[in-house]
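All remarks here apply to the structure that follows.
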C-alpha cells in the first residue's frame, strides 16, 4: 500500500479526527485534523497494558505532514519532549495515545497505528 492509497482509503472510508499535543504543562494544545479508522481490540488481544475499551486507530502520515504538525518546539519546552512523531501522551479522537507504531512502505513512513485509551 502506498501513501497515496492509504490516504485515499482513509479519506473515503475513515472519518476526521483531531490529533493534539499539549504545550508543556499549559492548557494550550497544537492540533491538526487527520483521517482515520478506529477498531476495538479483541478479547485475545487484551494482554500487557491493553485493557477493555482501548482502541487502535490507523491514521495517515500525509495528513500530519500537510498540517505541519506538531510544528517547531515551543518556547519553554525541551526539544526532547517535542519529537516530530506521535508519542505517548498525545491525544487522538479525545483519547490518550498509549503508543504508536509507524507504518512503512518501501522505507517511506505512510501512517501510524495508535493505541488509544478513552475518548
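Miscellaneous remarks
- Alpha-carbon centroid distance for the pair segment 53-116 / segment 4-42, whole angstrom: 8
- The chain: C-alpha gyration tensor shape, a/c 1.5 cut-off, then a/b vs b/c: oblate
- Choice from 50, 23, 77 showing the highest fluctuation, given a GNM over the chain with Cα pairs closer than 10 Å: 77
Where a number appears in this text, it was derived from the coordinates with a stated rule and is not lab data. Please read these numbers as outputs of a predicted model, since none were measured by experiment.
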